[in-house]
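Enquirer: This is the structure I have questions about; it appears just below.
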Amino acid sequence: MTNIKDIAKLAGVSVTTVSRVINNHPYVSEEKVSAVKAAMKKSNYHRNINAVHLSKGKTHLIGVVVPFSNHPYFGLLIEGIANAALEQNYKLALIQTNYKETKEIEALKMLEDKQIDALIICSRICAWDVIESYSVYGPIVLCEDSRNDKISSTFIDHYKTFTMALHYLYEKGHQRIGYTIGRQTGANSIQRDVAYKDFLTRFTLPYEPSYIFTDRYDVEDGVRVAEHLSNMKNRPTALLVTSDQVAAGILMSCRENRLAVPHDLAIMSFDNQPISKVMHLTTLEIPFVEVGKKLFQQALNVQDVSHEEVQVRLIERETV
């Protein structure tokens with residue numbers, strides 16, 4: 001395989017001159033530039049970009065871990081990360097895990113092997129000790145509250161926002177309040193569960209396990225929730241839904257099952273994605289694109305660990 005020594009010999013110049021031409025150095029005569037380029041073309045020479053990255057200690061490539069790439073929640077996060085990467089002339093390596101631990105570890109090993117400069121994990125499955133063990137190889141940034149640990153994060157305080165939403169529904173006259181979530185074991189879901197139980201304790205309300213719906217991610221899951229509610233004798237009067245997609249499915253199915261919203265069932269969701277505007281859903285707006293940009297900025301910060309809390313905003317519409 002042709003290397004720069006071969007090019008230098010073929011062009012009749014020094015190795016330093018070849019290196020300068022390859023890297024577009026301005027102080028090389030036109031005659032030598034022409035000779036080097038002719039030699040490169042003749043020998044079909046191409047730079048070994050991996051060797052260049054190795055010599056510079058940087059790949060200008062950031063890994064981004066998502067469980068699903070087709071979910072609007074993660075799509076907006078990726079949009080924010082990608083926009084920030086474009087501004088800084090970085091590229092992204094997208095790793096979809098489907099919440100499989102082995103896939104997340106593969107991404108962590110990419111950081112260990114210096115294939116990427118940093119790793120952004122939008123929703124993790126690995127245990128904390130596993131994540132921490134790889135943090136010695138480069139910056140790891142999480143999209144969850146990690147203020148008590150030595151790993152950077154941009155996050156929503158889900159305990160605080162869930163409590164705020166529950167109080168809003170309570171002040172609207174609701175005491176039988178249920179909720180839906182995606183993963184039951186995720187860090188954010190655990191915060192929501194604690195907030196929910198603390199809320200019930202504060203107002204001496206009963207805990208009804210049948211009011212909690214787990215593993216709900218999309219519109220179809222929402223339809224199934226509404227169908228289940230229509231058959232319940234003592235159903236909740238309000239639902240706090242952690243995704244606009246699921247909330248939209250619930251709202252559509254309520255209409256088909258003759259449940260009037262918000263009279264029979266109030267629906268409050270999270271995210272403020274475009275579908276919530278179309279469906280007139282009351283929701284808590286999470287600025288995902290802004291979160292994505294902050295995650296990327298933290299990934300570039302090799303020296304400092306930082307934690308940034310992003311605030312949510314109540315959007316009142318017609319479903320509460």
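Enquirer: So, of the residues in the range 228-245 that are free of Cβ contacts under 8 Å to residues at least 40 places away in the same chain and outside any loop (DSSP other than H, G, I, E, B), which turns out to be surrounded by the fewest Cβ atoms within 10 Å (Cβ to Cβ)?
Expert: The first filter runs over the range 228-245 and keeps only residues free of Cβ contacts under 8 Å to residues at least 40 places away in the same chain, leaving 228-233.
From what's left, outside any loop (DSSP other than H, G, I, E, B): 228-230.
Details: His228: 14, Leu229: 22, Ser230: 16.
By that ranking, first place goes to His228.
Enquirer: May I pose another question? Looking only at the range 258-314, which residues are touching a residue at least 60 places away in the same chain (Cβ under 8 Å), polar (S, T, N, Q) and part of a helix (DSSP H, G or I)?
Expert: Gln297, Gln298
Enquirer: Here are some conditions: (1) loosely packed, with under 15 Cβ neighbours inside 10 Å; (2) more than 22 Å from Phe68 (Cβ to Cβ); (3) not aromatic (Phe, Trp, Tyr); (4) not assigned by TED's automatic domain parsing to the domain that holds Gln88. Pro274 meets all but one. Which one does it not meet?
Expert: The single condition Pro274 does not satisfy is (2).
Enquirer: Could you say which residue among Ile116, Ile7, Ile78, Ile62 is aliphatic (A, V, I, L, M), touching a strand residue (DSSP E or B) at 6+ places or on another chain (Cβ under 8 Å) and either part of a helix (DSSP H, G or I) or surrounded by fewer than 15 Cβ atoms within 10 Å (Cβ to Cβ) (or both)? Steps first, answer last, please.
Expert: Details: Ile116 fails: either part of a helix (DSSP H, G or I) or surrounded by fewer than 15 Cβ atoms within 10 Å (Cβ to Cβ) (or both); Ile7 fails: touching a strand residue (DSSP E or B) at 6+ places or on another chain (Cβ under 8 Å); Ile62 fails: either part of a helix (DSSP H, G or I) or surrounded by fewer than 15 Cβ atoms within 10 Å (Cβ to Cβ) (or both).
Unique residue meeting the criteria: Ile78.
Enquirer: Could you tell me whether any residue of the range 74-95 is free of Cβ contacts under 8 Å to residues at least 12 places away in the same chain and farther than 30 Å from Cys126 by Cα? If you could, list the steps in order and put the result at the bottom.
Expert: Taking the range 74-95 as the starting set, the residues that turn out to be free of Cβ contacts under 8 Å to residues at least 12 places away in the same chain are 75, 86-87.
Still in the running and farther than 30 Å from Cys126 by Cα: 87.
For the range 74-95, residues free of Cβ contacts under 8 Å to residues at least 12 places away in the same chain and farther than 30 Å from Cys126 by Cα: present.
Enquirer: Further question on the same structure: Has the range 248-264 got at least one residue that is polar (S, T, N, Q), surrounded by 16 or more Cβ atoms within 10 Å (Cβ to Cβ) and either closer than 16 Å to Val320 by Cα or in contact with a Leu (Cβ under 6 Å, 6 or more places away or on another chain) (or both)?
Expert: No: the range 248-264 contains no residue that is polar (S, T, N, Q), surrounded by 16 or more Cβ atoms within 10 Å (Cβ to Cβ) and either closer than 16 Å to Val320 by Cα or in contact with a Leu (Cβ under 6 Å, 6 or more places away or on another chain) (or both).
Enquirer: Here's another thing I want to ask about it. Within the range 197-212, work out how many residues are assigned to a helix (DSSP H, G or I), touching a residue at least 12 places away in the same chain (Cβ under 8 Å) and under 21 Å from Arg224 (Cβ atoms). Talk me through it step by step, then tell me what you get.
Expert: The initial filter retains those residues of the range 197-212 that are assigned to a helix (DSSP H, G or I), namely 197-202, 209-211.
Retained after the next criterion (residues that are touching a residue at least 12 places away in the same chain (Cβ under 8 Å)): 198-199, 210-211.
If we keep only those that are under 21 Å from Arg224 (Cβ atoms) too, we end up with 210-211.
The qualifying residues number 2.
Enquirer: Oh, and also: Within the range 95-103, is even one residue assigned to a strand (DSSP E or B) and either assigned by TED's automatic domain parsing to the domain that holds Leu295 or among the hydrophobic types (A, V, I, L, M, F, W, C) (or both)?
Expert: Step one: of the range 95-103, the residues assigned to a strand (DSSP E or B) are 95-96.
From what is left, the residues that are either assigned by TED's automatic domain parsing to the domain that holds Leu295 or among the hydrophobic types (A, V, I, L, M, F, W, C) (or both) are 95-96.
For the range 95-103, residues assigned to a strand (DSSP E or B) and either assigned by TED's automatic domain parsing to the domain that holds Leu295 or among the hydrophobic types (A, V, I, L, M, F, W, C) (or both): present.
Enquirer: Pull up the range 10-27, narrow it to residues that are surrounded by fewer than 18 Cβ atoms within 10 Å (Cβ to Cβ) and among the hydrophobic types (A, V, I, L, M, F, W, C), then point me to the one that is modelled with the highest pLDDT.
Expert: Taking the range 10-27 as the starting set, the residues that turn out to be surrounded by fewer than 18 Cβ atoms within 10 Å (Cβ to Cβ) are 12, 14-16, 19, 22-27.
If we keep only those that are among the hydrophobic types (A, V, I, L, M, F, W, C) too, we end up with 15, 22.
Numbers: Val15: 90, Ile22: 83.
The extreme case among them is Val15.
Enquirer: Checking the conditions here, which among Ser306, Ser276, Ser269, Ser253 is in contact with a strand residue (DSSP E or B) (Cβ under 6 Å, 6 or more places away or on another chain), closer than 19 Å to Phe213 by Cα and not β-branched (Val, Ile, Thr)?
Expert: Ser269
Enquirer: Sticking with this one: Here is a list of conditions, (1) over 17 Å from Val289 (Cα atoms); (2) modelled with pLDDT of 95 or more; (3) not in a strand (DSSP E or B), and Ala85 meets all of them except one; can you say which number that is?
Expert: Going through (1) over 17 Å from Val289 (Cα atoms); (2) modelled with pLDDT of 95 or more; (3) not in a strand (DSSP E or B) one by one, Ala85 breaks only (1).
The values are calculated or read from the model by the stated rules, or taken from the named source; none is laboratory data. Values in this document were obtained by computation on a predicted structure and should not be read as measured data. When we count neighbours, we look across all protein chains shown, and the Cβ atoms used for this are built from the backbone with ideal geometry, even at glycine.
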